[in-house]
Amino acid sequence: MRKRFLHKSANGRGGFTIVEISLVLTIATILIIAGIFAYKKILPSVQASSEFKKVNAVISGIERSKNTNGGLYIAATDSINNIPTLKNELGGDQGISDVKNWQYECTEGDDVTLKVTTDKINSDTVANLVAEKVNKNLKPWTAAVTADNQIELTLSPVDCRTP
């Protein structure tokens, strides 16, 4: 004899019991909460990877522009958007769309510090993850998070000349 899963109520109609409904709702709630926690844990590392790719592209562009500037870094203090040689190395207007407001600073001279400052990053967790990745993977460049959640990339000592 088969056991019924739908129980008959007093009026003869079948349905689920309160215990069965409560059990399903409890399991669904647990799964939803677990999904939210997993999302919150994974999201910062995904965002950090995206920001790190931008940092890596900018640093690569700066190094390529050094090669086209006689082995010297470009002396300038402006946004990346306004430094033609660097802008071209990063792919022009389309290539710099995500980093065009980043600030580049390298005063003309020998043994100076080259500094690039990113836009504000929305999460201090993401900013710190990016800085850790830079410090681990892009030596001799160093990165620090500012009070405004920007990342300050530095390279020192370098020689900078106007192209």
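Since every read-out is calculated from the coordinates, none of them should be taken as a lab result. Quick caveat, the model's predicted, so the values are computed rather than measured. We place every Cβ from the backbone using ideal geometry, glycine too, and count neighbours over all the protein chains shown.
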Among residues of segment 98-135, those that are among the polar types (S, T, N, Q), closer than 22 Å to Val158 by Cβ and not in a strand (DSSP E or B), counted: 3
Helices (runs of 4 or more DSSP H) contained in segment 10-97 and holding at least 3 residues under 19 Å from Thr154 (Cβ atoms), touching a residue at least 12 places away in the same chain (Cβ under 8 Å) and not charged (D, E, K, R): 18-67
Of the criteria (1) at negative phi; (2) exposed (fewer than 15 other Cβ atoms within 10 Å of the Cβ), which one Gly109 fails: (1)
Subset of segment 75-134 [within 18 Å of Glu51 (Cβ to Cβ) and touching a Gly at 6+ places or on another chain (Cβ under 7 Å)]: Leu90
Odd one out for Gly71 among (1) in contact with a helix residue (DSSP H, G or I) (Cβ under 7 Å, 6 or more places away or on another chain); (2) farther than 21 Å from Lys120 by Cα: (1)
Count - residues of segment 112-148 that are among the polar types (S, T, N, Q) and either in contact with a strand residue (DSSP E or B) (Cβ under 6 Å, 6 or more places away or on another chain) or buried (at least 17 other Cβ atoms within 10 Å of the Cβ) (or both): 7
